Amino acid sequence: MARESFFNISDIIRDRRKLMVFLVCVAVSLLSWLMINLGQEYSSTVLVPVSYVNFPQNKVLLNNIPNQLAVNVNGSGYDLLQYDDKLMLDTLVINLDNLKMSSFGDYERGYLDPAILSQSLQKRINGAIGINRVLSDSIEFLFDLKVSRVVKVKPVVQYSLEAGHVLLDSIAAFPSEVEIFGPLTLLDTLQYIKTKVINTGELNAKKAFVGMLDIDRFGNDARVYPDSVKVQIDVDRLTEKRFMITPEQLNVPDSLRLLTFPTNVEVISQIPISKFNDISKSEFSVSVDYLDLQKDYLVLPVTIEKWPTAARQTKVVPTQVEIVISEKDS
């Protein structure tokens, strides 16, 4: 008769004592395997967050620098499990006091040696695991001399006007000038600074918006004071205003007399409501020119010669007048 195995699977499931013995054996085996593997040497790559302090005074950084470093480390499995998270969670503060600088055209360039960074990381973890090397290339810093300039503000606005409305004046910024601190090479020829795009939608009244100034192209360390302006857009509704005006007669020979029918023409103009009472008849001028006379046609076109800048869509009725020509008495 064959000998019955103590660890028969069906017996283990039915017998609680055998199940416990089986589970203990499995746990001991797993623990032994884990201890053996954790005791072996491994290498791993981790991303270490970094920040920078003590930037060179009176200089502005022009390029982007990494906020993480890829670092290759080695150690026992146990130590890597313990210190990997410490490296990835604790920010490495890099002091730029001793940054090596060299000339680079109109700029200055500085480098951070990966070997020095490796030493800093090794001190930080007290030798528990080994820092093989920093995988990132040398960190380069490109600096320019930091200066300040006072420049005009140019609002950048995307807008539309409701029908029957008009923009009264050019879009204005308050304050109209700001002081910007940034790289000499960019600010030396700078005439104005733009706002970031302001999208107003459709307008039917005077509105004011906050416009943030766009300094992204001046480098990471660029600053502007104030950093925002009030952008004002003057919008008004149009209304109609009419004037009866006698056309001025141009280039009529001295020997001739010219009569027009009608004697007066009507000038019709769209005027912003806020300017309605400010605009007078004297600001308009219309004319007829004898040189426009065509053979066999005793009519002359009426031309609007002058109108105020606030007047919009100005027209004249009628657009031409009949004429009667006679000779003056000698």
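The values are calculated or read from the model by the stated rules, or taken from the named source; none is laboratory data. Values in this document were obtained by computation on a predicted structure and should not be read as measured data. Positions of Cβ are backbone-derived with ideal geometry, glycine not excepted, and every protein chain shown enters the neighbour counts.
Of the residues contained in the stretch 124-146, none is found to be in contact with a Pro (Cβ under 7 Å, 6 or more places away or on another chain), modelled with pLDDT under 90, over 30 Å from Asn95 (Cβ atoms) and not assigned by TED's automatic domain parsing to the domain that holds Thr45. Restricted to the stretch 315-330, and to residues that are outside any strand (DSSP E or B) and over 60 Å from the mean Cα position of the chain (by Cα), which residue is modelled with the lowest pLDDT? Among those that are outside any strand (DSSP E or B) and over 60 Å from the mean Cα position of the chain (by Cα), it is Ser330.
Mind counting the residues in the stretch 203-219 that are within 14 Å of Leu62 (Cβ to Cβ) and surrounded by 12 or more Cβ atoms within 10 Å (Cβ to Cβ)? Explain how you work it out, then say what you get.
Our first condition is that a residue be within 14 Å of Leu62 (Cβ to Cβ); within the stretch 203-219, this holds for 215-219.
Cutting the leftovers down to surrounded by 12 or more Cβ atoms within 10 Å (Cβ to Cβ) gives us 215, 218-219.
So the count comes out to 3.
Working carefully through the options Val197, Val178, find the one that is modelled with pLDDT of 90 or more, surrounded by fewer than 13 Cβ atoms within 10 Å (Cβ to Cβ) and more than 30 Å from Pro308 (Cα to Cα).
Values: Val178 fails: surrounded by fewer than 13 Cβ atoms within 10 Å (Cβ to Cβ).
Step by step, each of Val197, Val178 is checked, and only Val197 is modelled with pLDDT of 90 or more, surrounded by fewer than 13 Cβ atoms within 10 Å (Cβ to Cβ) and more than 30 Å from Pro308 (Cα to Cα).
Tallying residues that are under 30 Å from Asn58 (Cα atoms), not small (Gly, Ala, Ser) and not in a strand (DSSP E or B) within the stretch 154-188 yields 7.
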